[in-house]
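Right, one structure below, let's go through it.
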């Protein structure tokens, strides 16, 4: 079912305002732009479990429909807002389960083998540039720092849980996370 | 002496814990301490804002993936289910349901209602104080309604934290002659100040970025009229949308 109106020319934050006005077709356009990102985040975090990832994706867009009026463009870009909501919802699921799903892989190393992507129908130029900048910054981190950050970020593990999983002193894990984030801040601050 | 004692009493900063807090991986034993400290330390809150920006961006590195084709239809169905109740209710039915609910709470309603009156009164006072000078501390949304000339039109004005800048988004406005445009008016008593002109697309949608000479929420209302292209010094055409503050 095609949309009766063409929303493709509207900026993301305008779409959000239109959704707040009750324009469901604007939500359709937002879904078209970001469902691959939202579903991708959920699928990556939930161990490639498609039904669970689909549920999270639905939750995220329904949440956008409900909370569009509270979106603040000065706080975050729409893409970041959507992806962050997805991450939090996914972490909630992971922590409620206690046991991580089979095949769960909280790592960034897998992304290095992903095919290079550029702007196109699946991804806007702006989003492609953002991803490239952040991936570039991550690639400068030592593997052990990247590993600790990934377990915290995608796995939803606490520092103690990471230390236990990797059989490392808690202080070592804390240092790796602190130094890794500090390096990322130095590289990315003001650029994103 | 007093300086040394006051320095000793100062709580230590939590700089070392902020990156982990931003990631959401602090253990419970440290979480309460950090949150309590952040509540009273602007320096650490500012640092947290920087790390949160980094943390929010990391998720963009996730691989993209394509869900099942029917997921969009499932989203439509879920939204439709949430929209099932009518959009507007007669006030009487809402009041009847509210009254029935409060009757159930009769034993505790009196003290609860007193608390509510105090809380709502306080919030209204704070809002009046906050908006009385036309100032805002966070974005505020103002809804526009259509007039008899455009009964299906809607609009929303989002006023920025500074109070002088806003974004207007409208829908449902009719197409007008190319020699005409819609013009926004900022209303204060008998004065009508130009807020800008805009056109709408074939779907009746339009946007307007506004920079006002005074805080937007200091005006008593807003109106949108049909004017010659480029605008008029004052309203001359029919009013299509309006909002009162």
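Nothing in this text is a laboratory measurement; each read-out follows from the coordinates by a stated rule. Given the structure is predicted, the values throughout are model-derived calculations rather than measurements. Note that each Cβ is placed from the backbone with ideal geometry, even for glycine, and that neighbours are counted across all protein chains shown.
Values computed for the structure shown
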quantity	calculated
The range B:140-244: radius of gyration over Cα atoms, expressed as a fraction of 2.2 N^0.38 Å	0.96
Point-to-point label distance, residue A:166-residue A:125, nm (Cα→Cβ direction, 7 Å offset)	3.9 nm
Distance between the range A:143-166 and the range B:148-206 - C-alpha centres, whole angstrom	51 Å
A:170, B:184 arranged by Cβ crowding within 10 Å, fewest neighbours leading	A:170, B:184
Shielding by other protein chains, A:70-79, mean Cβ within 10 Å	4
Residue B:45 versus residue A:88: modelled label distance in nm, points set 7 Å from Cα along the beta carbon direction	1.8 nm
Contour minus Cα-Cα distance for residue B:33 and residue B:175 (0.36 nm per residue)	45.2 nm
